[in-house]
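Quick one: structure below, then a few questions.
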Protein chains: 2
Amino acid sequence: MSEPTKTSSGSLAERVAAGEIRALARAISLVENRDPAGDRLVAELFPQTGNARVVGLTGPPGVGKSTLIASICTKLRADDRDIGVLSIDPSSPFTKGAVLGDRIRLSDHFLDPRVFIRSMATRGSLGGMAEAALQAALLMDAAGKDDVLLETVGVGQGEIDIVDHADTVVLALMPGSGDSVQALKAGVMEIPDVIVVNKSDHPLADTMMREIRSVLSLGPSRSWRVPVLKTEAAKDEGIEALVEALAEHRSHIEREGSLSERRGRNLRAEVLGIAVARLRRDLERRSQENPDWAGLLDQVVARQIDPASAARQLLDQTIEDD
Amino acid sequence: MSEPTKTSSGSLAERVAAGEIRALARAISLVENRDPAGDRLVAELFPQTGNARVVGLTGPPGVGKSTLIASICTKLRADDRDIGVLSIDPSSPFTKGAVLGDRIRLSDHFLDPRVFIRSMATRGSLGGMAEAALQAALLMDAAGKDDVLLETVGVGQGEIDIVDHADTVVLALMPGSGDSVQALKAGVMEIPDVIVVNKSDHPLADTMMREIRSVLSLGPSRSWRVPVLKTEAAKDEGIEALVEALAEHRSHIEREGSLSERRGRNLRAEVLGIAVARLRRDLERRSQENPDWAGLLDQVVARQIDPASAARQLLDQTIEDD
């Protein structure tokens, strides 16, 4: 399965580090396909990461995250910055097309060699995809991108939440995002660094802004005051203020010293997340293949062994097997 | 830490099985505190579970889930059914009070010995709490409750989703739940068995009903047509139709044979979920205690070892240590 990592112009790692687009695309395919060569490549390039500014954009489906990313790209390109975009697509058999169709605005940048765009769909477990996405983000970083933009829907992502890899997290909402506002209020959704209300030409946009500000005012005061911005990404309105807010947040955490603290926390969480995701995959595979385990699970279904005891037996066997 | 499991009137397991309220309360405290006696108790009582009708009620914060549960209880009590209610409270340091305050309507039933109500707050990891909640639901089942109602917010719940333990899943929304409707549409939220639009006196309730029906009509047709009902739980309006829909869904899956299939799938997922949650806790504990691991994580932060390689080392060490 391993792909050759050498070409006439150097190893794949060297070519990624030199910012070669085709090398980066191939490298990301390796991690996406869980090719061991992908792991080795990330391991080799990891010391060269950490220079990109990583921005995570999250929010419920339909708020226009891709359009926002496209507008942000236009603005950042005007400042001559190199950009990597990673869209994590929680596609389902239900309406795959609708979610991808949302991504059309990004095509404005398809011909720009300095905007590298990659979309990753979930294949099977979200955990495995998140791990690949994390590695893809590291590869973009190693390839010398000034900005790495990560886009994903704001739902629980299992073991690893790719947005947590970001230095700055932007939550995009729209008029009608009542559930997300309630989730922020109840504390079940973490407060992001920047909040955007997109589709600002909607008559209820200002009401939504007020609601969000009122929720934020209930929380503890912090050194960073979360800006709540209004955008109309489809018309490039409000994007300048958003890009400024990203730069301000970045300066703030650099000044405060919390950038390295945040990255340290993120990386630790990622190591544990990857370890747990691998254990889960391993357990799932074994439970499908091993006739003893299938029998054990059947006993649970027959109410002979309770789930916790069965889980313990599973774990004991895993450790014996290794 | 183990509590005595004997009293003059029999073992704790016997008293739970006999439906003794105080015994059930004590048993649930044991599983909530992760006392090994709790695990043993569930193991002993598990063969006596499977008789309760388990209904999961999920939905974003603020839609009135607890008020719905209270109204459902009133209706079920009129049919002389014994009820267990388990509210899973994703409390956070941010606004603990607000979420609990929501639960006041349930107090109507506090004096009824045949409505057993328990609220579980997340302490630390949601995974651990979900495992305890699952065991608490099994204990209520073993105690002879006719109905076990599980209430939780509709956000990703990590390894184990307690609502997935239910035979029938109800999603509660309200006018303004645009994000949830979009999530259903995009396929990132699973289609439940019954949908309720609560707060039906809101001027936009009918619009929300239409939107939901239109989303459902996009999906594949199934043998069970998901009813979309309008309620005003605070006034007990629409609850009769909801309780009927629960009974109809139950008959449907019994008739179709999908009840046992669903339970089999749920139990298998729970075994894996518990196993993964325990592995995660174990890894987290070790990574905090073990100086080698702390050093390994520091090397990741220093960009000397990449996260995936560090995760592999962590896993190799775990297996060696055991």
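So how many residues does the range B:50-72 have that are in a strand (DSSP E or B), hydrophobic (A, V, I, L, M, F, W, C) and under 14 Å from B:LEU171 (Cβ atoms)?
The qualifying residues number 2.
Restricting the search to the range B:44-64, which residues are over 30 Å from B:VAL181 (Cα atoms) and either modelled with pLDDT under 95 or surrounded by fewer than 19 Cβ atoms within 10 Å (Cβ to Cβ) (or both)?
B:GLU44, B:PRO47, B:GLN48, B:GLY50, B:ASN51
What residue, of A:LEU242, A:LEU229, A:LEU267, A:LEU259, is aliphatic (A, V, I, L, M) and within 10 Å of chain B (Cβ to nearest Cβ)? Outline the logic, then answer.
Numbers: A:LEU242 fails: within 10 Å of chain B (Cβ to nearest Cβ); A:LEU229 fails: within 10 Å of chain B (Cβ to nearest Cβ); A:LEU259 fails: within 10 Å of chain B (Cβ to nearest Cβ).
Among A:LEU242, A:LEU229, A:LEU267, A:LEU259, only A:LEU267 is aliphatic (A, V, I, L, M) and within 10 Å of chain B (Cβ to nearest Cβ).
For the range A:284-294, check the following and say yes or no: at least one residue is within 26 Å of B:ASP306 (Cα to Cα), touching a helix residue (DSSP H, G or I) at 6+ places or on another chain (Cβ under 7 Å) and outside the structural domain of A:ASP39 (by TED's automatic domain parsing). Quick ask: steps written out before the conclusion?
If we filter the range A:284-294 for residues that are within 26 Å of B:ASP306 (Cα to Cα), which is where we start, we get A:284-285.
Now narrow it down to the ones that are touching a helix residue (DSSP H, G or I) at 6+ places or on another chain (Cβ under 7 Å): A:284.
This time we only want the ones that are outside the structural domain of A:ASP39 (by TED's automatic domain parsing), so: A:284.
Looking through the range A:284-294, at least one residue is within 26 Å of B:ASP306 (Cα to Cα), touching a helix residue (DSSP H, G or I) at 6+ places or on another chain (Cβ under 7 Å) and outside the structural domain of A:ASP39 (by TED's automatic domain parsing).
Another question, if that's okay. For the range A:130-248, list the strands (runs of 3 or more DSSP E) that sit wholly inside it and hold at least 3 residues that are farther than 30 Å from A:ASP35 by Cβ; which are they?
A:168-173, A:194-197, A:228-230
Another question about this same structure. Looking only at residues that are of a type in the set (Gly, Ala, Ser) and in contact with a strand residue (DSSP E or B) (Cβ under 8 Å, 6 or more places away or on another chain) in the range B:232-263, which one is farthest from B:VAL194 (Cα to Cα)?
Among residues in the range B:232-263 that are of a type in the set (Gly, Ala, Ser) and in contact with a strand residue (DSSP E or B) (Cβ under 8 Å, 6 or more places away or on another chain), the one farthest from B:VAL194 (Cα to Cα) is B:GLY238.
Any idea which residue in the range A:159-202 is farthest from the chain's Cα centre (by Cα), counting only those that are more than 30 Å from A:ALA137 (Cα to Cα) and within 13 Å of chain B (Cβ to nearest Cβ)?
Selected residue: A:HIS202.
Follow-up question, since we're still on this one. Could you say which residue among B:LEU296, B:LEU283 is farther than 28 Å from B:LEU134 by Cα, in a helix (DSSP H, G or I) and either within 12 Å of chain A (Cβ to nearest Cβ) or modelled with pLDDT under 90 (or both)?
One residue alone meets the criteria, B:LEU296.
Count, please, the residues in the range B:18-46 that happen to be within 14 Å of chain A (Cβ to nearest Cβ) and of a type outside the set (Val, Ile, Thr).
Number of matching residues: 15.
Same structure, new question: Tally the residues that are closer than 17 Å to A:ASP147 by Cβ, hydrophobic (A, V, I, L, M, F, W, C) and surrounded by 15 or more Cβ atoms within 10 Å (Cβ to Cβ), restricting the search to the range A:242-270.
6
Ok, one more. Please specify each residue of the range B:300-316 satisfying the condition of being more than 8 Å from chain A (Cβ to nearest Cβ) and touching a helix residue (DSSP H, G or I) at 6+ places or on another chain (Cβ under 7 Å).
Within the range B:300-316, B:GLN313 is the sole residue that qualifies.
The values are calculated or read from the model by the stated rules, or taken from the named source; none is laboratory data. Remember, predicted model here, so these are calculated numbers, not experimental data. So basically every Cβ, Gly included, is an ideal-geometry build from the backbone, and we count neighbours across all protein chains shown.
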